[in-house]
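The structure under discussion appears below in the form of structure tokens.
The values are calculated or read from the model by the stated rules, or taken from the named source; none is laboratory data. Keep in mind it's a predicted model, so treat the numbers as computed, not measured. Don't worry about glycine lacking a Cβ; one is built from the backbone with ideal geometry, like all the others, and counts go over all protein chains shown.
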There are 2 protein chains.
Amino acid sequence: MARVVLSTVELPTKAKELLSGLGVELYELPRLSEGDLVNVLLRTEILMCWCGKEFDLTKWINHMPNLRVLQTFSAGVDHLPYSVIPGNVEIYSNAGAYSEPVAEHAWAMILALAKGLHRPVLNAREYLSNEVIMPRKIIKATLLVLGTGGIGREIARIGKEGFKTYNIGINRSGRPAEYFDEVYPTSKLLDVLPRADIVAITLPLNRYTKGLIGERELRALKRGAIVVNVGRGDVVKEDDLYRVLKERQDIRFGTDVWWVYDGREEIPSRTPLTALQNFLGTPHIAGGAQKDIAEYAITRAVENVVRYIRGEKPMNKVDRSDYV
Amino acid sequence: MARVVLSTVELPTKAKELLSGLGVELYELPRLSEGDLVNVLLRTEILMCWCGKEFDLTKWINHMPNLRVLQTFSAGVDHLPYSVIPGNVEIYSNAGAYSEPVAEHAWAMILALAKGLHRPVLNAREYLSNEVIMPRKIIKATLLVLGTGGIGREIARIGKEGFKTYNIGINRSGRPAEYFDEVYPTSKLLDVLPRADIVAITLPLNRYTKGLIGERELRALKRGAIVVNVGRGDVVKEDDLYRVLKERQDIRFGTDVWWVYDGREEIPSRTPLTALQNFLGTPHIAGGAQKDIAEYAITRAVENVVRYIRGEKPMNKVDRSDYV
């Protein structure tokens, strides 16, 4: 009997071709009638989804007794309902699929903040004397990247090759990583924060990273530091961030990730953070920018599923213990 | 008799040291009394100046019969009163002194415009559907740089090494240049404009470049092009720019250089350019950002003067015929 693969979005042609000749039955949620859906769910072995609002996993997982593999299109997997996913289901993330656009966005925020483009004025004297926007040099700066995975690595690469930065990385074990001059384990974070001219947060949200950046860490920042977050909002404590940014006008902070999402569209303000002159926010658009980025990410997820079908070892296996 | 060098600004200690032991008398304008000034001018062989509002060359040049060298602290020399400078005065610019900060500023504007940071909104659907801000990918884009001198070269380097851009250069003769995949003479500009995803204008203002970018050139831009100007405002025709930008919302334009300056501080608006959603402006602050940049630029100018004093060939000799 053919193995059943269900995708919650229509797959690009190129991605579909990867699945042909492998003896699988492919179903795409937008093409299924409600009646067919239950029958397909019953037989589904491999589910590919964002598992966001397009497919409520909590609602449907009880109808999927044959599910063995859950492959997300998203890089982050902090939103999955782990408590209802049976233990025999292997979960794979799409980590790395958005590295290039997200790293570009991180650098766009870093440079915009460094050159005052988040609040430009047309008076040169004011521009050069206002601490919140006065231009800062980037070349040869010390860049600290939290997370040395796909996105962190690409941010470090752009820094080193484009702007000759000196790169310090933080990851769980402190293992060396390409494009980093020094790497430390998370326990050394407070020691290295004061050395950084630029800090880029690329961490996934899990029980090790939640609230990692609070008042103490923010106060440890070097005078004039530029910080951007393209990982997950809750890695930073929002109230602490607001308090420290309001006090320390020398710090400039940019974020594409947030603490509350309303249907992934509107960013609801809980604190007056967005009104601060030393804050720049974008509504989680770094990775989902263009059609070709989404197609690339989806195709990459399908490639990983193909590895599983062929009996090879898929990439990005999620360690569920990180999330419970 | 000692050679007399006059600087219109106080020199950094390091720059002063370069002049010691060379048998010169150094005078700094801010330390001279009005009475001494006339006597010093009479004997000055080498003048170092911005020759902007700090020293009115038109007023004083008749009092400088022994002037042989004019070295500017600025990279551009389009503001000099060529008609009153005697033909036996050699003029040297400070081209290249601001390459790093200005190239960084150019890239900050390019990335800010590419990612919609010039008009960010906090609604993701709007962000991703509004043509004026929707994020565009930079990696592997085709970058066209007008001018392959110090600033153009550094913009090309950051593009190639940081963002893997394919680089096309334009210079007067079309001679090859480092970091450029192709270089063409100015006469080929219209042929290459439609190929560029990003255009960076770094040209000095002279009789060859004035008004080089007009309606025809702007209309030749590829759909979705990002253009930044860090050269001189009048290389672009302001009225044409306003007309085309208003019509073609797909083009995003950033400039640090302007058409009218009011004491080099306020940027007076002549057209409603600054109100356009696809326009980003900063008030000529790219190069003069930080004290250390100014000190570096001044020291570099002094190094060039030292070459002259030692009988070596100074760099950046200005061809006056470009400006008359």
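Checking the stretch B:117-140 against the condition returns no match, with no residue being within 17 Å of the chain's Cα centre (by Cα) and either of a type in the set (S, T, N, Q) or within 14 Å of chain A (Cβ to nearest Cβ) (or both).
Is there a residue in the stretch A:46-59 that is within 14 Å of another protein chain (Cβ to nearest Cβ), farther than 21 Å from A:L26 by Cα and in contact (Cβ under 8 Å) with a residue 12 or more places away in the chain? Scanning the stretch A:46-59, I find at least one residue that is within 14 Å of another protein chain (Cβ to nearest Cβ), farther than 21 Å from A:L26 by Cα and in contact (Cβ under 8 Å) with a residue 12 or more places away in the chain, so the answer is yes.
Does at least one position in the stretch B:56-76 carry a residue that is in a loop (DSSP other than H, G, I, E, B), surrounded by 15 or more Cβ atoms within 10 Å (Cβ to Cβ) and among the β-branched types (V, I, T)? No: zero hits.
When the test is whether a residue is modelled with pLDDT under 95, surrounded by fewer than 20 Cβ atoms within 10 Å (Cβ to Cβ) and in a loop (DSSP other than H, G, I, E, B), A:V121 passes it.
Listed conditions (1) assigned by TED's automatic domain parsing to the domain that holds B:I91; (2) buried (at least 18 other Cβ atoms within 10 Å of the Cβ) are all met by B:A286, apart from (1). When you check B:V306 against the structure, is it under 27 Å from B:L6 (Cα atoms), surrounded by fewer than 18 Cβ atoms within 10 Å (Cβ to Cβ) and either at pLDDT below 90 or not assigned by TED's automatic domain parsing to the domain that holds B:T72 (or both), yes or no? The answer is no for B:V306.
Across the stretch B:2-23, which residue is farthest from B:E54 (Cα to Cα) among those that are in a strand (DSSP E or B) and at pLDDT 95 or above? Filtering the stretch B:2-23 for residues that are in a strand (DSSP E or B) and at pLDDT 95 or above, the one farthest from B:E54 (Cα to Cα) comes out as B:V4.
Among the conditions (1) more than 10 Å from chain B (Cβ to nearest Cβ); (2) at pLDDT 95 or above, A:F163 misses just one, which is (1).
Here B:I198 meets each of (1) at pLDDT 95 or above; (2) within 27 Å of B:V77 (Cα to Cα); (3) away from chain A (no Cβ under 14 Å) with one exception, condition (3). Considered as a group, the residues in the stretch A:172-182 that are closer than 28 Å to B:A108 by Cα and under 20 Å from the mean Cα position of the chain (by Cα) include one that is surrounded by the fewest Cβ atoms within 10 Å (Cβ to Cβ), and that residue is A:E178.
Considering (1) modelled with pLDDT under 95; (2) in a loop (DSSP other than H, G, I, E, B); (3) more than 20 Å from the chain's Cα centre (by Cα), the lone condition that A:L221 does not fulfil carries the number (1).
Set side by side, the residues A:E90, A:E100 differ, and just one is surrounded by fewer than 24 Cβ atoms within 10 Å (Cβ to Cβ) and either outside the structural domain of A:N66 (by TED's automatic domain parsing) or within 30 Å of A:R136 (Cβ to Cβ) (or both), which is A:E100.
Has the stretch B:71-88 got at least one residue that is modelled with pLDDT under 95, at the interface with another protein chain (Cβ under 10 Å from one of its Cβ atoms) and closer than 30 Å to A:T165 by Cα? No, because not a single residue in the stretch B:71-88 is modelled with pLDDT under 95, at the interface with another protein chain (Cβ under 10 Å from one of its Cβ atoms) and closer than 30 Å to A:T165 by Cα.
Tell me which of these B:L143 doesn't satisfy, since it passes every other one: (1) in contact with a strand residue (DSSP E or B) (Cβ under 7 Å, 6 or more places away or on another chain); (2) away from chain A (no Cβ under 14 Å). Only one criterion is unmet by B:L143, namely (2).
Counting the residues of the stretch A:214-233 that are buried (at least 20 other Cβ atoms within 10 Å of the Cβ) and touching a residue at least 60 places away in the same chain (Cβ under 8 Å) gives 5. For B:P176, the test of being in a loop (DSSP other than H, G, I, E, B) and either closer than 15 Å to B:L144 by Cα or touching a Ser or Thr at 6+ places or on another chain (Cβ under 7 Å) (or both) is passed. Do you know which residues across the stretch B:174-187 are among the small types (G, A, S) and either touching a strand residue (DSSP E or B) at 6+ places or on another chain (Cβ under 6 Å) or within 22 Å of A:K164 (Cβ to Cβ) (or both)? Residues satisfying the conditions are B:G174, B:A177. Of all residue pairs spaced 6 or more apart or on separate chains, those with beta-carbon atoms under 7 Å, a first member in the stretch A:1-20 that is in contact (Cβ under 8 Å) with a residue 12 or more places away in the chain and of a type in the set (A, V, I, L, M) and a second member that is part of a loop (DSSP other than H, G, I, E, B) and surrounded by 12 or more Cβ atoms within 10 Å (Cβ to Cβ) are A:V9/A:E54.
Checking A:I170, A:I158 one by one, the residue that is more than 14 Å from every other protein chain (Cβ to nearest Cβ) and either free of Cβ contacts under 8 Å to residues at least 60 places away in the same chain or under 22 Å from B:M134 (Cβ atoms) (or both) is A:I170 and no other. Within the stretch B:1-15, if we keep just the residues that are surrounded by fewer than 16 Cβ atoms within 10 Å (Cβ to Cβ) and closer than 21 Å to B:L67 by Cβ, the residue that is farthest from the chain's Cα centre (by Cα) turns out to be B:M1. Determine if the stretch A:32-53 includes at least one residue that is small (G, A, S), part of a loop (DSSP other than H, G, I, E, B), modelled with pLDDT under 95 and under 19 Å from A:V302 (Cα atoms). Yes - at least one qualifying residue is present in the stretch A:32-53. For the stretch A:102-111, the condition of being facing chain B (nearest Cβ under 7 Å), under 13 Å from A:V199 (Cα atoms) and out of contact with any strand residue (DSSP E or B) (no Cβ under 8 Å at 6 or more places or on another chain) holds for at least one residue. Screening the stretch A:160-171 for residues that are of a type outside the set (K, R) and out of contact with any Gly (no Cβ under 8 Å at 6 or more places or on another chain) and picking the one that is surrounded by the most Cβ atoms within 10 Å (Cβ to Cβ) gives A:I168.
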